[in-house]
1. Need the failing condition index for SER68 against (1) surrounded by fewer than 21 Cβ atoms within 10 Å (Cβ to Cβ); (2) touching a helix residue (DSSP H, G or I) at 6+ places or on another chain (Cβ under 6 Å); (3) closer than 27 Å to ARG132 by Cβ, just the number.
2. Residues to consider are LEU74, LEU42; find the one that is of a type outside the set (D, E, K, R) and either touching an Asp or Glu at 6+ places or on another chain (Cβ under 6 Å) or outside the structural domain of ALA229 (by TED's automatic domain parsing) (or both).
3. If you check every pair at least six apart or on different chains, which have Cβ atoms under 9 Å apart with a residue in the range 237-257 that is under 19 Å from MET305 (Cα atoms) and free of Cβ contacts under 8 Å to residues at least 24 places away in the same chain first and a residue that is among the acidic types (Asp, Glu) and buried (at least 21 other Cβ atoms within 10 Å of the Cβ) second?
4. Given the criteria among the hydroxyl-bearing types (Ser, Thr, Tyr) and at pLDDT below 95, does THR279 qualify?
5. So is ALA210 at pLDDT 95 or above, on the phi < 0 side of the Ramachandran plot, touching a Pro at 6+ places or on another chain (Cβ under 9 Å) and surrounded by 21 or more Cβ atoms within 10 Å (Cβ to Cβ) or not?
6. Go through the range 35-48 residue by residue and tally those that are outside any loop (DSSP other than H, G, I, E, B) and either in contact (Cβ under 8 Å) with a residue 40 or more places away in the chain or in contact with a strand residue (DSSP E or B) (Cβ under 6 Å, 6 or more places away or on another chain) (or both).
7. Taking GLU281 as meeting all but one of (1) at positive phi; (2) outside any loop (DSSP other than H, G, I, E, B), write down the number of the exception.
8. Can you tell me which residue within the range 213-254, out of those that are touching a helix residue (DSSP H, G or I) at 6+ places or on another chain (Cβ under 6 Å) and in a loop (DSSP other than H, G, I, E, B), is farthest from ASP106 (Cα to Cα)?
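The values are calculated or read from the model by the stated rules, or taken from the named source; none is laboratory data. In this text, all values refer to a predicted model and were calculated from it rather than measured experimentally. FYI the Cβ positions are ideal-geometry reconstructions off the backbone, even for glycines, and counts take in every protein chain you see.
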Amino acid sequence: MSAPLKRSPIHDFHKNACAKLADFGGWEMPIEYPQDQGGGVLNEHAAVRERVGLFDVSHLGKAEVKGSGALHFLNSCITNDLEKISDGQAQYNLLCDELTGGVIDDLIIYRRSSEDFFLVPNAANTAEVVSRLNRAASHGIVVNNLHEEYGVFALQGPLAKDVLKALKIDVDLNYMSFTEAEIAGKKSIICRTGYTGELGFEILPRWADARLVWDELVGAVRNVGGLVAGLGARDTLRTEMGYPLHGHELSLAISPVQASASWAVAWRKEKFWGKDILTKEREEGTSKTLRGLILLDRGIPRAGMEIFKGEVKVGVTTSGTFSPSLKQGIALALISKGIQPDEEVSVDIRGKKVRAKVVKPPFVPARVR
């Protein structure tokens, strides 16, 4: 018998709004809101690209690593270099398996101080991340799972700053930095981060305060013509940007080198999990790499579809969707290294080979800054 799905601290809002709900990493979360109320994936996607959208992403993990030597310890585990950022800044990171170089998870790490770090891993991987870090931690290092102590809301779109200004919140934050502010009289962490390619913020209130903070944000978002959005639109938005999703573009079977994520690896660092095998892979090259595909004919690609050059199989899609911005089918794919951007290939969509052009993501320009 499977465990019951966990629920966001604002689950009642989604239920009362008649949102379509589904399992995301063991959490019952909204995919989209009713079209007769102005919602639906296409409308919610457009709101984020053109105005502003508000997502509940409280299923994302939260954890902390604290103690004397926390900086050195974390830096010896993750691929990026936390010494490159200052207190009050955040950094995208990968946690890889020591023996295989595969990706245990990708996560954002917030540096409060050299002895205090706040981590946001993916929902389904949080327990594994915390467990592995705990097993590796030396005396004096504390790793805590805070998964259900904070909510997470993503405010994304060109009017995101206007929403926070209306709530009298200082929005003069550099990209990948964070602060604390009060919303609805409750303290929240305000992070200048996101997963849509648009200017935006991620807001982390305490679990008990989440509904008060959410309701305040919803009112301000609606006042500027924005929408509450579900995770369906979040997926179309991130796919248009070429952002990886763990379990698709990154996994224990897909390394950072294969996933074109070497930019998140500090190769000159003395130590990080999987360094030896990843360095060897980087030097010797890989047989496949991550690319984008834009369909030239009608069709919607999905994950796991085979890609051909003529009659030869050259890859497989890792994610696929209809791009609301381009009005075309798009996909991310692991493709043979010899296939270059602008080449034409075909995708087998339910037995029909559909023409596609190989591109280098993103599919639309990023406007995060």
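1. All conditions are met except number (2).
2. Numbers: LEU42 fails: either touching an Asp or Glu at 6+ places or on another chain (Cβ under 6 Å) or outside the structural domain of ALA229 (by TED's automatic domain parsing) (or both).
Going through LEU74, LEU42 in turn, the sole match is LEU74.
3. Partner pairs satisfying both residue conditions: none exist.
4. Numbers: among the hydroxyl-bearing types (Ser, Thr, Tyr): yes; at pLDDT below 95: no.
No: the conditions fail for THR279.
5. On the way: at pLDDT 95 or above: yes; on the phi < 0 side of the Ramachandran plot: yes; touching a Pro at 6+ places or on another chain (Cβ under 9 Å): yes; surrounded by 21 or more Cβ atoms within 10 Å (Cβ to Cβ): yes.
Criteria met by ALA210.
6. We begin by selecting, within the range 35-48, every residue outside any loop (DSSP other than H, G, I, E, B); these are 35-37, 41-48.
After this cut, where a residue has to be either in contact (Cβ under 8 Å) with a residue 40 or more places away in the chain or in contact with a strand residue (DSSP E or B) (Cβ under 6 Å, 6 or more places away or on another chain) (or both) as well, the list is 41-48.
So the count comes out to 8.
7. Failed condition: (1).
8. In this case the residue turns out to be VAL224.
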